Amino acid sequence: MAKSANLYARIEPEVKEQAEAILSALGIPASNAITMFYKQIILRRGLPFEVKLPEQLPDVSRMTAEQLDAELEKGYAQLQEGHTIPARQAFDELRGELHA
């Protein structure tokens, strides 16, 4: 078995709880998720996501029914155009990277 190293990090308790609840529902231990994150950093030679301030966060509570419908339609159109992959495929790819 490969050696392991400990990682100690401070994180807001609410953020930790919310993330771990999602990971638990996915069946992924937090340590595996952190390993996946680190492996993606190595593979991409940087963060595996874009880090920037959003132009504007949508505030659903301030949208009219028409605006909300328009946003939902945009999301549905993206789905129809194939801007997604099946969850099984995503997990298979992640598992493959863990064993690489």
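The values are calculated or read from the model by the stated rules, or taken from the named source; none is laboratory data. Everything quoted here is computed from the prediction, not taken from an experiment. Ideal geometry is used to build each Cβ from the backbone, glycine not excepted, and the neighbour counts take in all protein chains shown. Ligands, DNA and RNA are excluded from the accessible area calculation, which covers all protein heavy atoms including side chains. Shrake-Rupley method; radii C 1.70, N 1.55, O 1.52, S 1.80 Å.
The numbered conditions (1) farther than 17 Å from His99 by Cα; (2) open to solvent by less than 70 Å² (accessible area, probe 1.4 Å) are all true for Lys52 except (2). Can we say Arg44 is basic (Lys, Arg), at pLDDT below 90 and either open to solvent by 100 Å² or more (accessible area, probe 1.4 Å) or touching a strand residue (DSSP E or B) at 6+ places or on another chain (Cβ under 8 Å) (or both)? Considered against the rule, which asks whether it is basic (Lys, Arg), at pLDDT below 90 and either open to solvent by 100 Å² or more (accessible area, probe 1.4 Å) or touching a strand residue (DSSP E or B) at 6+ places or on another chain (Cβ under 8 Å) (or both), Arg44 comes out as no.
Modelled with pLDDT under 85 and open to solvent by 100 Å² or more (accessible area, probe 1.4 Å), is that true of Arg95? Yes, satisfied. So which pairs qualify, if the first residue must be in the stretch 1-15 and loosely packed, with under 10 Cβ neighbours inside 10 Å, the second must be among the β-branched types (Val, Ile, Thr), the Cβ gap must be under 7 Å, and the two must be at least 6 apart or on different chains? Taking only residues 6 or more apart or on different chains, the pairs are Leu7/Ile34. Close contacts from the stretch 74-86, counting a first residue that is touching a residue at least 24 places away in the same chain (Cβ under 8 Å) and closer than 18 Å to Pro58 by Cβ and a second that is among the polar types (S, T, N, Q) and open to solvent by 100 Å² or more (accessible area, probe 1.4 Å), with Cβ to Cβ under 7 Å and a gap of 6+ residues or different chains, come to none at all.
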